[in-house]
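Engineer: Please find one structure pasted underneath; my questions will follow.
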Amino acid sequence: MRLPPHRHRTGVRQRGRRRPRHRPREELFSTTKIQGEIKDHSAALASITEPLNKLGLDYLDLVIIHSPQSWAEFRADSNFDKENLEVWRALEQAQAVGRVRSIGVSNFLKSDLHNILDHGSSPPAVNQVLAHVTNIPTDLIAFAKSHHITTQTYSPIAHGAALNIPELKEIAERYGVTVPQLCIRYTLQLGLIALPKSATNEHIDSNADVEFEISDADMETLNNLPPLEDYGEDGFFPVFDKAAANRKA
Ligand SMILES: NC(=O)c1ccc[n+]([C@@H]2O[C@H](COP(=O)([O-])OP(=O)(O)OC[C@H]3O[C@@H](n4cnc5c(N)ncnc54)[C@H](OP(=O)(O)O)[C@@H]3O)[C@@H](O)[C@H]2O)c1
């Protein structure tokens, strides 16, 4: 399968008449993932074309491989190095023709990153991993940094479970902020890109308002809180169930 090259660089494509005015394309950052189950070149290219067509965009800003394994085999010993390289080459191809600006990975451990670094033509721009106060995969982040790979953190509020940690409530109160603000600020001070999620406008606004500084002493306290083991009713999802594997990578 071949992707046509990206021709025009500005603006969200306009279809039909009298559409409302859009924000300039440059103000949007579109990210999508290649599902963990997709491990071949043409299916990977198809899963880039589909969101481009659905969203009416000329290019995507970032596309990442969701997981090094299919979810059924997440963190199992099965080796998908060859398949991940095939998908990676599809991403490189899409990037070369301008349909994708940046390419990256998610949930990759050091050995998975090594595979791409050693055999791909270009390194991943980002690795998107589970990282939140009480669960920071320090070695993985340091490894990524040493190869100029930026770490994005998903679930920086521990999928909501951080709201129930008493130590966080106490520290957040001292700073006059909410627990989510403390959690987000903590990951930013670690040099990570935080990807909090909220379906509540008020939360979205306050989560973006994190212009305060956590002291070195409090950062140290936060660094040393015991690992969270209970993600609540969604704890059965592979990414939470296997959270400890990130820290051992
Ligand atoms: N790459 C991967 O494998 C992967 C895996 C999991 C998740 N992700 C992505 O990471 C992002 C975040 O994930 P997440 O939902 O697991 O975790 P999260 O951002 O850590 O937590 C979201 C939860 O926290 C609550 N919340 C957020 N701000 C709040 C506030 N200010 N006050 C009170 N409650 C607040 C939300 O409820 P309200 O909606 O009520 O605010 C929601 O229940 C999502 O975009 C997700 O797609 C990626």
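Quick note: the coordinates plus some simple rules give every number you see, no bench work behind them. Just so we're clear, the structure is a prediction, and the values are computed from it rather than from any experiment. Counting neighbours? That spans all protein chains shown, and the Cβs are built from the backbone with ideal geometry, glycine included.
Engineer: Under 29 Å Cα to Cα from residue 54, which lysines show up? Leave out anything in the same chain fewer than 8 places away.
Structural biologist: List returned: 33, 39, 197.
Engineer: Additional query: Based only on Cα atoms, what Rg/Rh ratio does the range 79-183 have, Rh being taken as Kirkwood's radius?
Structural biologist: Rg/Rh for the range 79-183 comes to 1.11.
Engineer: Can you grab the distance from the C-alpha centre of the range 205-249 to the C-alpha centre of the range 75-90, Å, no decimals?
Structural biologist: That distance is 28 Å.
Engineer: Hey, what angle do you get for helix 41-55 against the long axis of the chain, alpha-carbon based, 0 to 90 degrees rounded to 10?
Structural biologist: The two axes meet at around 80 degrees.
Engineer: Please give me the summed charge of the neighbours of residue 134: other residues whose Cβ is under 10 Å from its Cβ, Lys and Arg +1, Asp and Glu -1.
Structural biologist: -2
Engineer: How many angstrom separate the Cα center of the range 167-197 from the Cα center of the range 102-133?
Structural biologist: Result: 25 Å between the Cα centres.
Engineer: Using only Cα atoms, what is the ratio of the radius of gyration of the chain to 2.2 N^0.38 Å?
Structural biologist: In units of the globular-protein estimate, the chain measures up at 1.08.
Engineer: Using only Cα atoms and rounding to the nearest 10 degrees, what angle (0 to 90) does helix 166-175 make with the longest principal axis of the chain?
Structural biologist: 90 degrees
Engineer: Above 23 angstrom, tally the Cα pairs of the range 27-124 and express them as a % of all pairs, no decimals.
Structural biologist: 20 percent
Engineer: Taking K and R as +1 and D and E as -1, what net charge do the other residues with C-beta under 15 Å from the C-beta of residue 243 add up to?
Structural biologist: -1
Engineer: Mean 1/r over all different Cα pairs, inverted: what Kirkwood radius does the range 131-249 give, in Å?
Structural biologist: Answer for the range 131-249: a Kirkwood hydrodynamic radius of 14.7 Å.
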